[in-house]
Amino acid sequence: MTELLQRGRDYFSSQFGTAPDGVWSAPGRVNLIGEHTDYNDGFAFPLAIDKRTAVAARSRADRMVRVASSSFPGVVELSLDDLDPDGLSGWAAYPLGVAWAMSEALRQEGRDAGRLTGVDLALSSDVPAGAGLSSSAAVECSVALALNELWGAGLDRQELARVGQLAENRVVGAPTGIMDQSASLLGEPDHGILLDCQSLRTEAVPLGFSAAGVGLLVIDTRTSHSHADGGYASRRRSCEDGARSLGVRSLRGLGPEDLPRAASVLDAQTFRRVRHVVTENQRVLDTVAMLRTSGPAAIGPFLNASHVSMRDDFEISTAELDLAVSSAQELGAIGSRMTGGGFGGAAIALVRNDVAVRVAEGIVQAFARAGFAAPHIFPVTASAGARRDC
Ligand code: ADP
Ligand code: MG
């Protein structure tokens, strides 16, 4: 039994005084490339990481849902009859939001959500929260998988991803796309997940990292800017404005060949936002094609170009993220970029294993020289998606 699993069972027992029916877990993710493309119906290429959130769960005879998390004090409890998407807040909005979203999904299939039974849920996690590794999706997807089974809901993994997204959009109020939940539910060891967010087709693509002697470092800058939420929403609005002005349903309807027309129609700022999304979609496809023909050591230029695009066109980087990326590149990384929604959080560097320690140490020194707080740097490997552990 893994340490997290044991911890999850023990924590459940300490909160609820009995053993759980089972333990489910779901990983965080890093996005290799394809940022702010998911809500534009575009392409993204994330991977599930070897840091997970476990939920130990037990069915109840009544309609109460009780949730506890080892990261937060207290037990929050609510009847399924009182689940109001506008009335939930704080960390418990994530697990309770999933319960609400899943009962909504079942209701839409014409099933009687009034007969669902309550559940006790205890969360334990080793996904750092707020670091851009989608601890939120790890919570949503582990809870969605547990409820799917305890409620006999029979939803497939793509439907579960939409349940998690609905919880995040409607209950938490974050206008995020489908990427995080898809990666957490569909991840596979040593594979990236190519997502087509328009058709919702997904494909596991071998990364070949260990065979090529390379790996991914996450550089968590441990910064998070207060305008992150507003910044995310305003970027999303710019993309919608750009699509409307150019007469397409979403920016997926545009290719690189449309950029000259976009430049003549849009104001300068909206054009830069659009150019990021259009070129980023192309970089995702180029990265996957290059992986297949030449292996991971050849994809660095796409990662580097993605960072420049996020820094200059989408304007979601920060001084800390730029320094993490530029020092990784100077220290010999194959490629590096900020990852996640931006305005703080983490960067990734693809490095040869024999220089990984040197790159990590060099970045720490660069941060110290710049007077920034020490970053938290750790390797991640592409890992299995959400599953029942016991
Ligand atoms: P990210 O997903 O990048 O880590 P978010 O702001 O989207 O950052 O989600 C972080 C939030 O998710 C936390 O503030 C908390 O509300 C919730 N969360 C994450 N992990 C847990 C956990 N183990 N238990 C309870 N809530 C969690
Ligand atoms: Mg999140």
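A short reminder: the numbers here are calculations on the coordinates, not readings from a lab. Being a predicted model, the structure only gives us computed values, none of them experimental. Counting neighbours? That spans all protein chains shown, and the Cβs are built from the backbone with ideal geometry, glycine included.
Apply the a/c threshold of 1.5 to the C-alpha gyration tensor of segment 208-380 and tell me whether it is rounded, prolate or oblate. Oblate, because a/c is 1.5 or more while a/b does not exceed b/c. Computed from Cα atoms, the angle from the helix 135-150 axis to the main principal axis of the chain rounds to 40 degrees. Look at 381, 293 and count the other Cβ atoms within 10 Å of each Cβ; fewest to most, that gives 293, 381. A DSSP coil position with no more than 12 other Cβ atoms inside 10 Å describes none of the chymotrypsin sites (Phe, Trp or Tyr not before Pro) in segment 1-104. Label segment 157-228 by shape, choosing from rounded, prolate and oblate, from the square roots a ≥ b ≥ c of the eigenvalues of the Cα gyration tensor; if a/c is under 1.5 it is rounded, and otherwise prolate applies when a/b is larger than b/c, oblate when it is not. The shape class here is oblate.
Each DSSP beta bridge with both residues in the chain is either parallel or antiparallel, and the antiparallel ones are about 90%.
Across segment 354-368, coupling constants 3J(HN,Hα) worked out from phi with the 6.51/-1.76/1.60 Karplus curve, θ = phi - 60°, read 6, 10, 4, 5, 4, 4, 4, 5, x, 5, 4, 5, 4, 5, 5 Hz, and Gly and Pro carry x. The phi-based Karplus calculation (6.51 cos²θ - 1.76 cosθ + 1.60; θ = phi - 60°) puts the 3J(HN,Hα) values of segment 67-80 at 10, 9, 9, 5, 8, 9, x, x, 10, 9, 9, 7, 7, 4 Hz, whole numbers, x for Gly and Pro. Can you tell me how segment 260-314 classifies by the Cα gyration tensor, rounded, prolate or oblate, using a/c under 1.5 as the rounded cut? Prolate, because a/c is 1.5 or more and a/b exceeds b/c.
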